[in-house]
Amino acid sequence: MTVNNGQQHLAGSAVSPKVKRSRELQVALVLLLFTLFGVVRHLHYTAIGEDLSSSYVGCRLLAEGQGSHLYSHDPQVFSKVLDPVWNETADRAQFAPLSRLHPYVQTPLWAWSLEPLCMHTTFPQFCDVFLVLVMLSLAGMIWLVVRYWAPSLFHPGWVALLCVAWILTEPFKYALFLTQTHPLYLFLTVLALVLARRGFPVWAGICLAVAAAVKITPAFLLLYWLMVRQRRAAVSFVAASAVLTILIVVTTGPSMFFMYLQELSWVSNVLLVAFNNQSLAAFLATVMHPELRNEVIDWRIHALAPWVKWISLLLSVGITVLGGWLDRRNGLIALRPHGESEPPPYGAVLAMLAATLLAPIAWSHYYIVLLVPAALLLDQRRAQRAPLYLACAAAIFVLNVYPVAYRAIANQASSFSILRAQFDAGLIAMGAMVLLSTQARAFDHARSSG
């Protein structure tokens, strides 16, 4: 007999506590092995920590009274910093080569918060700490997704399959190679959504505010929470964001805060057509201006057309509202009693995907978020035996592995490579979330009629 996600939840509630505990320990063991593999495999990997360099150097600049240099960058090439103070600081911290040093574009509060760590470690040691944090964040995200949103996959075998599959993907490899902090904020975003549904709206708002303070795009979920009437979580997010803004001014000064706002404005108007910018803006640029294709391995700064910026913004807002409406229609409004069936928040995942694809700069390693819709598709494939769901999950996977995906670490493409493979995978995932949400409504109606 075919069952849906809600029936799986009900069935799971009948399992004995001993069996549940055993299953949790087995899944935790698999995720621990996943974490250890990622750390050991990438520890002191060639050029590891390239993206983390900006956080480390920026932290030391603030701590050493050189805050005026925090937002230095090359006026023509996005990935470079032309500042001798940066080079001197990075050289003392054992970062090499200096040509791989990237500019700082995040809130000064992030650099300030890292001072206890950055001032007592070399850059390689700093990277090792964050490598562990990144892997723990990815493991935590997988736990939350299979535990609360894809319950049929809460099994050591299925979790191991998800981990192995994602280890093979280019976004995972690239994120670990760069020691990207994005997985930390992705974990906080998923955690915020889970906490809001589990009856902890204040903590949910705080988690989302922390994520949005460094990566602006999670802030779109405020609209989602308003749509699904999770007002306490929304209020908590606004209040926590206000507190964090005050902390920026108090800890780093008003002038640094205004420098940060200017940096945000500048970045939001930058167009990059490089292969690892998998955004709608980059896609439109290469389609409308074929001459820019020769810059796919160059990070030269171009002006983002205002109409592209506004279309991207309006689409982000519209799709986030759509996601909230879909989840509200499916009954994800008020909290339900423990064990009562409800579909996963497909609309929330749709909003997360839109915020990724439609940002002016959507680095390819940001697409580790695709693990979430892939897991939801596999979960429903097991529940409904629908081949289409398996095909969508398979397409997401194939579009994220070499030779179909661009090999970012080596700047390598094959004759089969698709320039915007992650962007295409994101579009498929978004369509799949809309389909799953529609089907969830139909299943809920059929269950009510029955």
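Starting from the stretch 188-199, keep only residues that are over 17 Å from Tyr346 (Cβ atoms), then list their pairs with residues that are open to solvent by 30 Å² or more (accessible area, probe 1.4 Å) and not polar (S, T, N, Q) whose Cβ atoms are within a distance under 6 Å, requiring at least 6 positions of separation or different chains.
Every condition considered, the pairs that remain are Leu188/Val210; Leu195/Trp203; Gly199/Leu335.
I'd like to check something: does the stretch 294-307 contain any residue that is in a helix (DSSP H, G or I), open to solvent by less than 10 Å² (accessible area, probe 1.4 Å) and at pLDDT 95 or above?
no
Does the stretch 165-188 include one or more residues that are open to solvent by 10 Å² or more (accessible area, probe 1.4 Å) and farther than 18 Å from Val369 by Cα?
Taking every residue of the stretch 165-188 in turn, none turns out to be open to solvent by 10 Å² or more (accessible area, probe 1.4 Å) and farther than 18 Å from Val369 by Cα.
Could you identify the single residue in Ala274, Ala282 that is part of a loop (DSSP other than H, G, I, E, B) and either closer than 25 Å to Asp327 by Cα or open to solvent by less than 20 Å² (accessible area, probe 1.4 Å) (or both)? Don't jump to the end; show me each part of the working.
Working: Ala282 fails: part of a loop (DSSP other than H, G, I, E, B).
None of the other options fit; the residue is Ala274.
What about Ala211, is it within 22 Å of the chain's Cα centre (by Cα) and among the aliphatic types (A, V, I, L, M)?
On the way: within 22 Å of the chain's Cα centre (by Cα): yes; among the aliphatic types (A, V, I, L, M): yes.
In short, yes.
Can you tell me which of Val287, Val250, Val238 is open to solvent by 60 Å² or more (accessible area, probe 1.4 Å) and farther than 30 Å from Pro306 by Cα? Break it down into steps so the answer makes sense when it comes.
Working: Val287 fails: farther than 30 Å from Pro306 by Cα; Val238 fails: farther than 30 Å from Pro306 by Cα.
Going through Val287, Val250, Val238 in turn, the sole match is Val250.
Within the stretch 404-442, how many residues turn out to be in a loop (DSSP other than H, G, I, E, B) and exposed (fewer than 15 other Cβ atoms within 10 Å of the Cβ)?
Taking the stretch 404-442 and keeping what is in a loop (DSSP other than H, G, I, E, B), we get 404-406, 408-411, 413-420.
Now narrow it down to the ones that are exposed (fewer than 15 other Cβ atoms within 10 Å of the Cβ): 410-411, 414-416.
Count: 5.
Take Ala90 and decide whether it is more than 26 Å from the chain's Cα centre (by Cα), of a type in the set (Gly, Ala, Ser), at pLDDT below 90 and open to solvent by 20 Å² or more (accessible area, probe 1.4 Å).
no
Taking only pairs six or more apart or across chains, which ones have beta-carbon atoms under 9 Å, a first residue in the stretch 293-314 that is closer than 24 Å to Gln412 by Cβ, and a second residue that is open to solvent by 90 Å² or more (accessible area, probe 1.4 Å) and assigned to a loop (DSSP other than H, G, I, E, B)?
Sorted first by the residue in the stretch 293-314, then by its partner, the pairs are Trp299/Lys80; Arg300/Gln76.
Which of the helices (runs of 4 or more DSSP H) contained wholly in the stretch 101-153 include at least 1 residues that are buried (at least 21 other Cβ atoms within 10 Å of the Cβ) and aliphatic (A, V, I, L, M)?
Passing ranges, in order: 108-113, 123-144.
The values are calculated or read from the model by the stated rules, or taken from the named source; none is laboratory data. Being a predicted model, the structure only gives us computed values, none of them experimental. Don't worry about glycine lacking a Cβ; one is built from the backbone with ideal geometry, like all the others, and counts go over all protein chains shown. With ligands, DNA and RNA removed, areas are computed over all heavy atoms of the protein, side chains included. Shrake-Rupley method; radii C 1.70, N 1.55, O 1.52, S 1.80 Å.
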